[in-house]
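One structure is given here, and the rest of the page talks about it.
The values are calculated or read from the model by the stated rules, or taken from the named source; none is laboratory data. From a predicted model like this one, the values you see are computed outputs, not experimental measurements. Here the Cβ positions follow ideal geometry from the backbone for every residue, glycine too, while neighbour counts run over all protein chains shown. We work out accessible area using only protein heavy atoms, side chains counted, and drop any ligands, DNA or RNA first. Shrake-Rupley method; radii C 1.70, N 1.55, O 1.52, S 1.80 Å.
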Amino acid sequence: KVVRRGKRIVEEVPVLQDLLFVHELKSVLDEVVEQTTTLQYRYIHGAYCKPMTVAEAEMTRFIHAVTSTESPRYYLPGELTPQQCGRQVRIIGGPLCGYEGQLLSIRGSKVKRLIVRLSDVVAAAVEVKPEDIQLL
C-alpha cells in the first residue's frame, strides 16, 4: 500500500523494477536498444555477450503461479539458501496442479509454499494447500 494525496491505496508495482520483459526477435530489439540509451540487455552470468532470455512457456508458468495466490513472496538469485529449499514435490490439486518443485522450508511457518523459479532472474514462493502436495 502507498499513500497518494493523503489516502492509502493498493498499487501494483513490478517486482523487478529494472527489468523489462519483451516478446520480440533480437534483431528487432537491437535497433530499439541502440536508440534508447537507458535500455540494455541483461547478460547471462559467465557467458560472453549472451543476452538472457526466458522461454515463453516458463514465463507463462511463472505468471500463472504468482497470480494464483494473494501473497507471493519474491526472492532474488542467492537469497534462497540451500537450507530453505526443502522436499521435492508435485502439486496434485488446485490451480497449480501438475507443478513440480521444492517446498520453501521456513522454521515455524504454518503455511506451505512452493518455490517457482524464473531462470536465474527471480524465484517466487506461492501458497499451496497441504492436501495438494505429493512428495517425490
>> Testing Tyr75 on (1) open to solvent by less than 30 Å² (accessible area, probe 1.4 Å); (2) over 17 Å from Pro130 (Cβ atoms); (3) touching a residue at least 40 places away in the same chain (Cβ under 8 Å), one condition comes back false. Which one is that?
In response: (1)
> So which residues in the stretch 115-136 are touching a residue at least 60 places away in the same chain (Cβ under 8 Å) and assigned to a strand (DSSP E or B)?
Replying inline: Leu118, Val122, Ala124, Val126
>> Just the residues that are more than 14 Å from Tyr74 (Cα to Cα), assigned to a strand (DSSP E or B) and charged (D, E, K, R), please, taken from the stretch 98-114.
In response: Glu100, Lys112
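Being touching a residue at least 24 places away in the same chain (Cβ under 8 Å) and part of a loop (DSSP other than H, G, I, E, B) is the filter here, so list the residues in the stretch 54-67 that pass it. Please lay out each step first, then the result.
Of the stretch 54-67, the ones touching a residue at least 24 places away in the same chain (Cβ under 8 Å) are 54, 56, 58-59, 61-62, 64-66.
Selection gives Val54 alone.
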>> I'm checking my understanding of the structure. Among residues of the stretch 78-114 that are in contact (Cβ under 8 Å) with a residue 40 or more places away in the chain and in contact with a helix residue (DSSP H, G or I) (Cβ under 7 Å, 6 or more places away or on another chain), which one is most open to solvent (accessible area, probe 1.4 Å)?
In response: Ile92
